[in-house]
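Colleague: Here it is, the structure, as structure tokens.
The values are calculated or read from the model by the stated rules, or taken from the named source; none is laboratory data. Just so we're clear, the structure is a prediction, and the values are computed from it rather than from any experiment. Cβ: placed from backbone, ideal geometry, glycine included. Neighbour counts: every protein chain shown. Ligands, DNA and RNA are stripped out before the accessible areas are found, and what is left, the full protein with its side chains, is counted by its heavy atoms. Shrake-Rupley method; radii C 1.70, N 1.55, O 1.52, S 1.80 Å.
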Amino acid sequence: MILSGKDLASRLKENMRLYVKDLEEVTGTTPHLAVIIVGNNPASQSYVKGKSKACEEVGIRNTTITLPEDVTERELIQTISGLNLDPDVHGILVQLPLPAYIDEHRVMNCISSRKDVDGFHPANVDALYTSKYTGTIPCTPKGIIHLLRDANIDIAGKNAVVIGRSNIVGLPVAKLLLDENATVTICHSKTQNLKDITSKADILVVAIGKAKFVTEDMVKPGAVVIDVGVNRVDGKLVGDVDFNTVKDKASYITPVPGGVGPMTIECLLENTIYCFTLQYF
């Protein structure tokens, strides 16, 4: 069965649109997301346009701030500081990647934790890993859990394997799966006997950034396969999973595109609204 993030995101956004209207009536203010993009990277520009469109669909204000490719780290941080102090801005997102000479970690730490819609600020990371859930949760991992819950997939007690250990996807999704009482294994580039591990997974999350890396022989019959990868091959988008060979072996699988991606953007909207409520209630 296909786990369509596109369909789920559409349903959730309709409810969100009504909720934003309610917030406007109560507060007299509209949630406002500011997005900073550095340079004119085509992929980054495409992502930013997609976020802007999604904001428009649910009634969230969106401002895109485009900075030149040669902007200094100090200038970028000054821009963020201004948005931190602006009471009319409720969420801040810096589109990654940034130019190599800019310290991404330092930049992300400069965003106010109360306006951090990505969930990358140390205070929000601390809230996630101490299970306090008082901060924003990274969008892609949050979207994955939404997909599993919406399909009524039982996570508790299941053997979950995550391929990838990034701070953006791999590590936080492993923590969220642990919080759902799964038994979690994290695999990475140095993992030995990878196939032996993945073929025992009831839930397999793949976020390694290699096109069609996971093949049919690496998947347990009836497994739930979540493909986070976005790779361009011969002008087409493909995931980290060889979809055509795995789809008939898995019980559930996310497509690329149309799987995890739409849920990442939907959760960005959720986090923007959450940041708005932190500042108003």
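Colleague: Given the protein chains as shown and a 1.4 Å probe, how many square angstrom of residue 66 are accessible, to the nearest 10?
Modeller: 90 Å²
Colleague: Given H placed on each backbone N at 1.01 Å, which residues far from residue 155 in sequence or on other chains put an amide H within less than 5 Å of it?
Modeller: none
Colleague: In the range 1-105, which chymotrypsin sites (Phe, Trp or Tyr not before Pro) are in a loop and have at most 14 other Cβ atoms within 10 Å, using DSSP for the loop call?
Modeller: 101
Colleague: In the range 116-224, which chymotrypsin sites (Phe, Trp or Tyr not before Pro) fall in coil by DSSP and have 15 or fewer other Cβ atoms within 10 Å?
Modeller: When the chymotrypsin sites (Phe, Trp or Tyr not before Pro) of the range 116-224 are filtered for loop state and at most 15 Cβ neighbours within 10 Å, 133 remain.
Colleague: So how tilted is helix 5-27 from the main axis of the chain? Cα-based, degrees 0 to 90, rounded to 10.
Modeller: Tilt of helix 5-27: around 30 degrees.
Colleague: From largest accessible area down, sort 243, 276; use a 1.4 Å probe on the protein chains.
Modeller: From most accessible down to least: 243, 276.
Colleague: OK, next. Past the 24 Å Cα-Cα mark, which pairs from 53/247; 21/132; 115/236; 53/249; 13/49; 142/190?
Modeller: Beyond 24 Å between Cα atoms: 53/247; 21/132; 115/236; 53/249; 142/190.
Colleague: What angle, in degrees between 0 and 90 and rounded to the nearest 10, separates the Cα long axis of helix 42-58 from the longest principal axis of the Cα atoms of the chain?
Modeller: Taking Cα atoms only, the helix is inclined about 70 degrees.
Colleague: If you don't mind, there's one more thing I want to ask. What's the magnitude of the charge dipole for the chain around its Cα centre, counting Lys and Arg as +1 and Asp and Glu as -1 at the beta-carbon? Answer in Debye, nearest 20.
Modeller: The calculated dipole for the chain is roughly 480 debye.
Colleague: While we're here: Determine the distance separating the Cα centre of the range 51-125 from the Cα centre of the range 153-224; give it in Å without decimals.
Modeller: Here the answer is 30 Å between Cα centres.
Colleague: Going by accessible area, probe 1.4 Å, with all protein chains left in place, what is the ranking of 10, 112, largest first?
Modeller: From most accessible down to least: 10, 112.
Colleague: Next question, about the same structure. For n ≥ 4 DSSP H runs only, could you compute -39500 (n - 2.57) per run for the chain, divide by its residues and tell me the 222 nm figure to the nearest 500?
Modeller: After summing the helix terms and dividing by residue count, I get -13500 deg cm²/dmol.
Colleague: What Kirkwood Rh does the chain have if only Cα atoms enter the pairwise 1/r average? Answer in Å.
Modeller: Radius from the Kirkwood sum: 19.5 Å.
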